[in-house]
Amino acid sequence: MPTIIPTPTRITAAGNKPKIIEKFIGRMNSGESRLSIAHIRSPGGWVEPGQTPEFDEFTVVLKGALRVTHKAGVPDVKAAQAVITHASEWVQYSTPHPEGAE
């Protein structure tokens, strides 16, 4: 039987400015441990500490641009583009442009 997730769980984000994270699917909101799906809105000028996740991250940018700093470069992922960051690789996300990102 399908499971309806009626509302997301809002999470406090790391970084220098407030960022909105609404988790729809994951351990916290649905008991799902295989993956996590969230809607994230980051203001312009936001930057988080670098991290080395133990899992792959799949990100689709809906609006604005997300900067993905990694050991081999610093690409900006723009609206209608996606990026996969891989487990055990250092990465740092930021939204340096005024419009931020969604």
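Odds and ends about this structure:
- For the range 1-56, residues that are under 19 Å from residue 86 (Cα atoms), of a type in the set (Gly, Ala, Ser) and over 15 Å from the mean Cα position of the chain (by Cα) total 1.
- Of all positions in the range 27-34, at least one carries a residue that is touching a residue at least 24 places away in the same chain (Cβ under 8 Å) and not in a loop (DSSP other than H, G, I, E, B).
- Checked against the criterion of being surrounded by 12 or more Cβ atoms within 10 Å (Cβ to Cβ) and either closer than 28 Å to residue 6 by Cα or modelled with pLDDT under 90 (or both), the range 67-82 contains one or more residues that satisfy it.
- Residue check for residue 64: over 12 Å from the mean Cα position of the chain (by Cα) and in contact (Cβ under 8 Å) with a residue 40 or more places away in the chain: no
- Condition met for residue 87 (modelled with pLDDT under 95, over 12 Å from the mean Cα position of the chain (by Cα), under 25 Å from residue 9 (Cα atoms) and open to solvent by 30 Å² or more (accessible area, probe 1.4 Å)): yes
- Members of the range 39-66 that are surrounded by 15 or more Cβ atoms within 10 Å (Cβ to Cβ) and of a type in the set (S, T, N, Q): 42, 59
- Flag for residue 92 being within 12 Å of the chain's Cα centre (by Cα) and not aliphatic (A, V, I, L, M): yes
- Tally, over the range 14-29, of residues that are surrounded by 15 or more Cβ atoms within 10 Å (Cβ to Cβ), of a type outside the set (D, E, K, R) and at pLDDT 85 or above: 6
The values are calculated or read from the model by the stated rules, or taken from the named source; none is laboratory data. The structure displayed is predicted, hence computed values, not measured ones. Methodologically, a virtual Cβ is constructed for each residue, glycine included, from the backbone with ideal geometry; neighbour enumeration extends over all protein chains shown. Side chains are part of the model used for accessible areas, which takes the heavy atoms of the whole protein and leaves out ligands, DNA and RNA. Shrake-Rupley method; radii C 1.70, N 1.55, O 1.52, S 1.80 Å.
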